[in-house]
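These notes concern the structure reproduced below.
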Amino acid sequence: VAKAALELFEVDDFGLDRLDRDVLTLLCTQFAGRAVGLATIAVAVGEEQDTIEAVVEPFLVRIGLIARTARGRQATELGFKHLGQTPPTTVLDGLLDL
């Protein structure tokens, strides 16, 4: 029953829901691992900045899929791997120390 409920709400094995995956996919594909500001992320996924900052971002940071940098939010190597992608070398250079 629990597994069926998670499938119904589109929660994957990592605990990501649709919005979490949308943010991670955006950072990995459209921005190719570059740092992105909160406002840009919110507009791109069609969600309020407060929701991204208070709900999505803390979870993704805590499980190591994105990092908050001085320049913005950035997908980590684990984030790319979760989506089945190879991270650009520029992402690896700045995030290996996390």
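The values are calculated or read from the model by the stated rules, or taken from the named source; none is laboratory data. On a predicted model such as this, the values are computed, not experimentally measured, just so you know. Here Cβ is always computed from backbone atoms with ideal geometry, including for glycine, and neighbour counts include all displayed protein chains. Please note that ligands, DNA and RNA were not included when accessible areas were found on the heavy atoms of the full protein model with its side chains. Shrake-Rupley method; radii C 1.70, N 1.55, O 1.52, S 1.80 Å.
Among the residues of this structure, LEU78 counts as one that is among the aliphatic types (A, V, I, L, M) and open to solvent by 40 Å² or more (accessible area, probe 1.4 Å).
Within the range 1-25, the set of residues being of a type in the set (A, V, I, L, M) and in contact with a His (Cβ under 9 Å, 6 or more places away or on another chain) comprises LEU16, LEU24. Evaluation of THR86 against the conditions (1) open to solvent by 20 Å² or more (accessible area, probe 1.4 Å); (2) within 14 Å of the chain's Cα centre (by Cα); (3) free of Cβ contacts under 8 Å to residues at least 60 places away in the same chain shows that the sole unmet condition is (2).
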